[in-house]
Amino acid sequence: MPAALRCTRSLWIVPALALCLGACSSFGTKAEAAENGVKPAAQRKAAPDFTLEDSHGQKVKLSSYRGKVVVLDFWATWCGPCKIEIPWFMEFEQELKPRGLVVLGVSMDDDGWSVVRPYVEQHKINYRILLGNDQVAGLYGGVDAMPTTFLIDRSGRIAAMHQGLVSKDEFKKQILQLLDARADLRAPFAGVPAFFTAGGAR
Amino acid sequence: MAPVARLHVHRRQTVDVKLSVKVAPGYHVNSNAPDDPYLIPLRLSWDKPVLEPVGTRFPTPQRVKLAFSDKPVAIFSGSFEIVATLRAPANVADMGMMSGKLRYQACNDRECLPPKVVPIRLSFDATN
């Protein structure tokens, strides 16, 4: 066999951290989140509304959960750290649902239900899984890394955002704080006209 | 990606193309053969190859026990090389170009980034 020629090419695999930092700044920096935990109510912004399909083919509209505390978790089947959080969310869903908690997992898998549905069944996920898309991710700052989790208060406002894995205790503390808080039902979800939600005043 | 040097090939012979990959500190990519079927493998592919792909050699992966996995996961981190072997057909033109893609999915211990593709372009001169 003839001697093989050799040629070298260099490739850099550099994670898009610049984009991530841009997205984080919209919701406060990690340092702020670590110090303050949940944002004060006056500083919270309305969670962008969306409608996505769940694993049973049902349409799910975020704003229909008004009055509940929502854990909105962007994840993917290929995301290892997401796998750590899933049992926590299952536990929260079971334990705290009676107090008004809803967990929504938004899968960002490009391959769609063909990979997500078997994963959900295999891991016996007890909370609602939706199939996300770039448009919805864009509403939430692009979701450049997973897991990215938003805690939405009973008034439909983003109270906390976590990019990357955080501790179960931190999640639980923040969720309990939001469950204990009183809802301001006059605050609309982003994208929902004020007249549509104002009728639900206390 | 570093400036691409022109490749010199002999017709009917193979050429090894070394792709040097550097993963940002703190991150890893899945190997070409991750044990978990849900993990996205490192994959090199060629678009309409003018030079025939004969094979791709990946380094031996590191097997690391990560917090989310019950068993060690095969990953690459730091700097490593992928070697693609290409064969120049007898009728290949004197000059040409081919392109390919390296698809990867990177994570650190806290988060994962969506799968990405690095484009690869090779220009070559062919002689007998």
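A few points about this structure:
- Residue count for region B:24-41, restricted to those that are more than 7 Å from chain A (Cβ to nearest Cβ), more than 17 Å from the chain's Cα centre (by Cα) and surrounded by 14 or more Cβ atoms within 10 Å (Cβ to Cβ): 2
- Cβ pairs under 7 Å, 6+ apart, first in region B:3-23 and within 7 Å of chain A (Cβ to nearest Cβ), second surrounded by fewer than 16 Cβ atoms within 10 Å (Cβ to Cβ) and among the basic types (Lys, Arg): B:Val4/B:Arg121; B:Asp16/A:Arg6; B:Lys18/A:Arg6
- Options A:Gly142, A:Gly138; residue that is modelled with pLDDT under 95 and either closer than 25 Å to B:Arg103 by Cβ or assigned to a helix (DSSP H, G or I) (or both): A:Gly142
- Pick from region A:105-118, criterion within 12 Å of chain B (Cβ to nearest Cβ) and under 12 Å from A:Trp75 (Cα atoms), ranking: surrounded by the most Cβ atoms within 10 Å (Cβ to Cβ): A:Ser107
- Top-ranked residue of region B:42-78 - restricted to ones that are among the hydrophobic types (A, V, I, L, M, F, W, C) and exposed (fewer than 14 other Cβ atoms within 10 Å of the Cβ), ranked as nearest to A:Pro118 (Cα to Cα): B:Ala67
- Any strands (runs of 3 or more DSSP E) falling wholly within region B:46-128 and containing at least 2 residues that are in contact (Cβ under 8 Å) with a residue 24 or more places away in the chain and within 11 Å of chain A (Cβ to nearest Cβ): B:73-76, B:79-87, B:95-104, B:116-127
The values are calculated or read from the model by the stated rules, or taken from the named source; none is laboratory data. Because the structure is a prediction, the values reported are computed rather than measured. With ideal geometry, Cβ positions are generated from the backbone for all residues, glycine too; neighbour counts draw on all protein chains shown.
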